[in-house]
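What follows is a set of notes on a single structure, which appears directly below.
The values are calculated or read from the model by the stated rules, or taken from the named source; none is laboratory data. This one's a predicted model, so the numbers in the text were calculated from it and none came from an experiment. Note that each Cβ is placed from the backbone with ideal geometry, even for glycine, and that neighbours are counted across all protein chains shown.
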């Protein structure tokens, strides 16, 4: 969950020298910042450093990356803009992420896998339509109500582009693939089922078809989806990352006992080392004795998080593993 980020000193040192996009496009630096949390905290996996909007840029959407967040200068708000999106070839247009994955796979021990990722179609569509994020997602939801078929075309276009992107990451050495649906919780249950879910299924089914027996675990993160966790079971994902709205054990039960990842509130890491350890124990207690659990946060590490609190979280998880 955003292991390498602005809270780590190594990342900060690199970013003083290069822009965010240049960092994404430099496999040597991308591998360096991806390795920092593994080397510093002893993480059990390394997630490749990149951004979910990189494919949008490759498809012709003008994305600018600022410290305050991404901004899309020319939004996708009608059928003509959807039709103008370019076909996405990850080997030709984003070769750096594939090389970064390859570098990580080559230097990491065999028991430390590399995780690849992409943005889920609904979340990518939200950024493409909104341009600059708003609390109510008024532009994206206006399209939903006024031009629902245009929105569906956009979602399926993005889903079709995501299949080769994730497939290429797996072939480059990623041993798990995760879709991030950060804006899932902005939808009602009916709209999630009618818009976001079908596009997700296209992605997961497509990747599984392309990779066959070599397909790694496919993971779905849907933030704010506690009201429709049961629907996620129809997405085609093998495992589910969940946020902190429900105890992790309750989320696992609602997901029919499937493997889950999560779900400590990232703000818990802004407390003291003792409070981090207590919150971690509470989270783990809800899944005590159960299999198929990956201890993690419920979203990315926040800017300003003390690295020593991340270390306290990891240490407490490992203590539980040794005693459990």
In region 47-63, residue surrounded by the fewest Cβ atoms within 10 Å (Cβ to Cβ) [restricted to those that are over 13 Å from the mean Cα position of the chain (by Cα) and over 13 Å from residue 180 (Cβ atoms)]: 62
Residue in region 180-193 that is in a strand (DSSP E or B), assigned by TED's automatic domain parsing to the domain that holds residue 89 and either in contact (Cβ under 8 Å) with a residue 24 or more places away in the chain or more than 21 Å from the chain's Cα centre (by Cα) (or both) present: yes
The listed residue being at pLDDT 95 or above, over 20 Å from residue 47 (Cα atoms) and surrounded by fewer than 24 Cβ atoms within 10 Å (Cβ to Cβ), out of 176, 168, 125, 186: 186
In region 64-75, residue farthest from the chain's Cα centre (by Cα) [restricted to those that are free of Cβ contacts under 8 Å to residues at least 60 places away in the same chain and within 19 Å of residue 20 (Cα to Cα)]: 73
Of the criteria (1) surrounded by fewer than 16 Cβ atoms within 10 Å (Cβ to Cβ); (2) out of contact with any strand residue (DSSP E or B) (no Cβ under 6 Å at 6 or more places or on another chain); (3) at negative phi, which one residue 212 fails: (3)
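Restricting attention to region 84-110, which residues are outside any helix (DSSP H, G or I) and either in contact with a strand residue (DSSP E or B) (Cβ under 6 Å, 6 or more places away or on another chain) or closer than 24 Å to residue 5 by Cβ (or both)? So that I can check it myself, show each step before the final result.
Initial filter on region 84-110 (outside any helix (DSSP H, G or I)): 84-89, 94, 108-110.
If the condition is that a residue be outside any helix (DSSP H, G or I) and either in contact with a strand residue (DSSP E or B) (Cβ under 6 Å, 6 or more places away or on another chain) or closer than 24 Å to residue 5 by Cβ (or both), then 94, 108, 109 are the ones that fit.
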Filtered residues of region 122-147 (kept if in a helix (DSSP H, G or I) and under 22 Å from residue 55 (Cα atoms)): 122, 123, 124, 125, 126, 127, 128, 129, 130, 139, 140, 143
Which listed residue, of 77, 132, is in contact with a strand residue (DSSP E or B) (Cβ under 6 Å, 6 or more places away or on another chain), more than 23 Å from residue 207 (Cα to Cα) and in the same structural domain as residue 156 (by TED's automatic domain parsing): 132
Cβ pairs under 7 Å, 6+ apart, first in region 28-53 and in contact (Cβ under 8 Å) with a residue 40 or more places away in the chain and in the same structural domain as residue 159 (by TED's automatic domain parsing), second in a loop (DSSP other than H, G, I, E, B) and surrounded by fewer than 22 Cβ atoms within 10 Å (Cβ to Cβ): 37/8; 37/43; 38/112; 44/112; 45/112; 45/113; 46/108; 46/112
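At pLDDT below 95, in contact with a helix residue (DSSP H, G or I) (Cβ under 8 Å, 6 or more places away or on another chain) and under 23 Å from residue 69 (Cα atoms): does that describe residue 116?
Values: at pLDDT below 95: no; in contact with a helix residue (DSSP H, G or I) (Cβ under 8 Å, 6 or more places away or on another chain): yes; under 23 Å from residue 69 (Cα atoms): yes.
So residue 116 does not fit the description; no.
Answer yes or no as to whether residue 81 is out of contact with any helix residue (DSSP H, G or I) (no Cβ under 8 Å at 6 or more places or on another chain), modelled with pLDDT of 95 or more, closer than 16 Å to residue 124 by Cβ and not in a loop (DSSP other than H, G, I, E, B).
Taking the combined requirement at face value, the residue satisfies it.
Within region 78-103, count every residue that is more than 29 Å from residue 37 (Cβ to Cβ) and surrounded by 20 or more Cβ atoms within 10 Å (Cβ to Cβ). Walk me through how you get there before you give the answer.
To start, the set of residues in region 78-103 that are more than 29 Å from residue 37 (Cβ to Cβ) comprises 78-87, 89, 92.
When the remaining residues are screened for being surrounded by 20 or more Cβ atoms within 10 Å (Cβ to Cβ), the result is 82.
Summing the residues that are more than 29 Å from residue 37 (Cβ to Cβ) and surrounded by 20 or more Cβ atoms within 10 Å (Cβ to Cβ) in region 78-103 gives 1.
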Yes/no for residue 219 being under 15 Å from the mean Cα position of the chain (by Cα), closer than 16 Å to residue 119 by Cα and either in contact (Cβ under 8 Å) with a residue 12 or more places away in the chain or not assigned by TED's automatic domain parsing to the domain that holds residue 154 (or both): yes
Test: residue in region 235-244 that is touching a helix residue (DSSP H, G or I) at 6+ places or on another chain (Cβ under 9 Å), farther than 22 Å from residue 177 by Cα, at pLDDT 95 or above and surrounded by fewer than 19 Cβ atoms within 10 Å (Cβ to Cβ): no
Scan of region 1-27 for residues that are assigned to a loop (DSSP other than H, G, I, E, B) and touching a residue at least 12 places away in the same chain (Cβ under 8 Å), ordered by number: 1, 2, 3, 4, 5, 6, 7, 8, 19, 26
